[in-house]
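The values are calculated or read from the model by the stated rules, or taken from the named source; none is laboratory data. Quick caveat, the model's predicted, so the values are computed rather than measured. Backbone-built Cβ (ideal geometry, glycine too); neighbour counts: all protein chains shown. With ligands, DNA and RNA removed, areas are computed over all heavy atoms of the protein, side chains included. Shrake-Rupley method; radii C 1.70, N 1.55, O 1.52, S 1.80 Å.
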Amino acid sequence: MRIVLVGPPGAGKGTQATVLAETLSIPHISTGDLFRANISQGTELGRRAKAFMDAGDLVPDEITIGMAKDRMEQADAAGGFLLDGFPRNVSQAEALDEMLKTAGMNLDAVLDLEVEEDEVVKRLAGRRTCRKDSSHIFHVAYRPSKVEGICDIDGGELYVREDQTEDAVRNRLEVYHTQTEPIIDYYKAQGLVSTIPALGEVKDVTQRAMDALKK
Ligand code: AMP
C-alpha cells in the first residue's frame, strides 16, 4: 500500500506512522526524520535545512522533493510505503503524483489525523524525543518514560526538540493551516481522504486508521 499521513503538528503522526508501518510491513518514510538524520550526520543538506526547521518553517521544495524521491526509490519501498510529513504543500503533492505516475503507481489512501488546536499545543509542550533515535517519543503526561529524561528503549537522553518551543509551535501551526491543509482538498478531489479523529489512546487511533484502510 502507498499511504500519506497528514495532520497538524502534535496530532501524533510520528507515533501512528511507526505503528501502522510495522503493522502493514511497509517502510515508514518521514521527511522530518530524514532531515534530522542529515543534521546529525553533518551533511550539506542538513546544514541547509536546519534554520528552516528550527523556526518551524518548511524546508524549500528544491531540497525536500529530491530527498523524498531518493528515499522512495530505495528497494525496500518498491512494494509500498507510508509517508509521514510529506507532502506538506500542494506543489509537493503534485510532484509526488508525477513521480508515482511515471513509475506506473498510485496512492491508495490519505489519512487525515484530526485534532483540536488547544489539544495540539498541550501535546507538543510535553513532548520529549530520544537523542539516539527520534522515533522514540515520550510525553510527560501521556506517555512518561520510566526514568525522567531517559529513553526506556535505548537509554538515550530525552530532550525538547528545537522546533517544539512555544514560538516554533505557533509558527508550525500557522504554516500547517496556510500551506499543508490545502493538500487535503487536493486529495479529496481524488477521493483518497479518510478523516481519523486523533483523540484518545494511541491504540484506538491506530484501530480507526486500520479500519479506514480496509474500506
Ligand atoms: P516533522 O518531524 O515532520 O514535524 O518535521 C520537522 C520539520 O522538518 C518541519 O517543521 C519542517 O521544517 C521540516 N519538514 C519535514 N517535512 C517537510 C516537508 N515535506 N516539506 C518541507 N519541510 C519539511
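Every listed requirement among (1) modelled with pLDDT under 95; (2) within 16 Å of the ligand (Cβ to nearest atom) is met by Leu107 save one, (1). Working only within region 80-99, note down all residues that are open to solvent by 10 Å² or more (accessible area, probe 1.4 Å) and not in a loop (DSSP other than H, G, I, E, B). Across region 80-99, the qualifying residues are Asp84, Val90, Ser91, Glu94, Ala95, Asp97, Glu98, Met99. Report whether or not Val120 is β-branched (Val, Ile, Thr) and not in a helix (DSSP H, G or I). No, not satisfied.
Yes/no matrix, rows are residues, columns are (1) of a type in the set (S, T, N, Q); (2) modelled with pLDDT of 95 or more:
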{"site": "Glu148", "(1), (2)": "no, yes"}
{"site": "Arg161", "(1), (2)": "no, no"}
{"site": "Ala168", "(1), (2)": "no, no"}
{"site": "Glu174", "(1), (2)": "no, no"}
{"site": "Glu181", "(1), (2)": "no, yes"}
{"site": "Ile184", "(1), (2)": "no, yes"}
{"site": "Gly191", "(1), (2)": "no, yes"}
{"site": "Ser194", "(1), (2)": "yes, yes"}
{"site": "Gly200", "(1), (2)": "no, no"}
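Per the conditions (1) on the phi < 0 side of the Ramachandran plot; (2) open to solvent by 50 Å² or more (accessible area, probe 1.4 Å), the sole criterion not satisfied by Gly104 is (1).
Does Ala77 satisfy being in contact (Cβ under 8 Å) with a residue 24 or more places away in the chain, open to solvent by less than 50 Å² (accessible area, probe 1.4 Å), out of contact with any helix residue (DSSP H, G or I) (no Cβ under 6 Å at 6 or more places or on another chain) and away from the ligand (no atom under 15 Å from the Cβ)? When the stated conditions are applied, Ala77 passes them.
In the set Asp211, Asp112, Asp167, only one residue is within 16 Å of the ligand (Cβ to nearest atom), exposed (fewer than 14 other Cβ atoms within 10 Å of the Cβ) and of a type outside the set (A, V, I, L, M, F, W, C); that residue is Asp167. Could you list, ordered by first residue, the pairs with Cβ atoms under 6 Å in which the first is in region 51-67 and free of Cβ contacts under 8 Å to residues at least 12 places away in the same chain and the second is surrounded by 15 or more Cβ atoms within 10 Å (Cβ to Cβ), at least 6 apart or interchain? Filtered contacts from region 51-67: Phe52/Val59.
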